[in-house]
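Colleague: Please read through the structure below; I'll follow up with questions.
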Amino acid sequence: MASLTAHLLPPLLLQDRKTLFRTYPKLPVSYTGGRQNFAVCVKATGDSSESSTSLSIVKSVRHVWDKSDEDRVGLIGLGFAAIVALWTSTNLISVIDKLPIIPNVLEIIGILFSSWFIYRYLLFKPDREELFEIINKSLSQIFG
């Protein structure tokens, strides 16, 4: 069972608030003009905890871990290397972003490349068909 408590300020509880599509009904809370906090308590229950997404992910990881009897050290090393690579790339991007002119140059390069890609592959119908052929060829090479 999970519960959530939220404290709402009175200006969020306006009476007969109209929008473009519908009128909200009057809320059962009255506003007296002072700074009062209203607590809203929500409780959610489920049929079973096994239907949770996080538990299914844990079960799938456990299943893969149990199937790999031989190379667990290699899997741990690969996971560690992935975490280090993510950390390194994040720090490298933040350092490049702090340099004064490089982010603007990279942004211009990105705009120019996107413009070229649109002109080369997306603007005319024969070029779009060529792009679809390239994508399908690559997918057939990957998936067999």
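Colleague: Return yes when VAL84 is open to solvent by less than 100 Å² (accessible area, probe 1.4 Å), out of contact with any helix residue (DSSP H, G or I) (no Cβ under 9 Å at 6 or more places or on another chain) and either assigned to a helix (DSSP H, G or I) or at pLDDT below 80 (or both) and no when it is not.
Modeller: So VAL84 fits the description; yes.
Colleague: Among the residues of the stretch 96-107, which ones are exposed (fewer than 10 other Cβ atoms within 10 Å of the Cβ) and among the aliphatic types (A, V, I, L, M)?
Modeller: If the condition is that a residue be exposed (fewer than 10 other Cβ atoms within 10 Å of the Cβ) and among the aliphatic types (A, V, I, L, M), then ILE101 is the only one that fits.
Colleague: What are the residue pairs meeting all of these: first residue in the stretch 123-141, first residue open to solvent by less than 90 Å² (accessible area, probe 1.4 Å), second residue assigned to a helix (DSSP H, G or I) and not acidic (Asp, Glu), Cβ atoms under 6 Å, and 6 or more apart or on different chains?
Modeller: ASP127/TYR121; LEU131/TYR121
Colleague: Can you list residue pairs whose Cβ atoms sit under 8 Å apart, with the first residue in the stretch 87-105 being in a helix (DSSP H, G or I) and the second being open to solvent by 70 Å² or more (accessible area, probe 1.4 Å) and of a type outside the set (S, T, N, Q)? Count only pairs 6 or more apart in sequence or on different chains.
Modeller: Listed pairs, sorted by first residue: ILE96/LEU106; PRO103/ASP97.
The values are calculated or read from the model by the stated rules, or taken from the named source; none is laboratory data. This one's a predicted model, so the numbers in the text were calculated from it and none came from an experiment. Here the Cβ is made from the backbone with ideal geometry for all residues, glycine too, and neighbour counts use every protein chain on show. We work out accessible area using only protein heavy atoms, side chains counted, and drop any ligands, DNA or RNA first. Shrake-Rupley method; radii C 1.70, N 1.55, O 1.52, S 1.80 Å.
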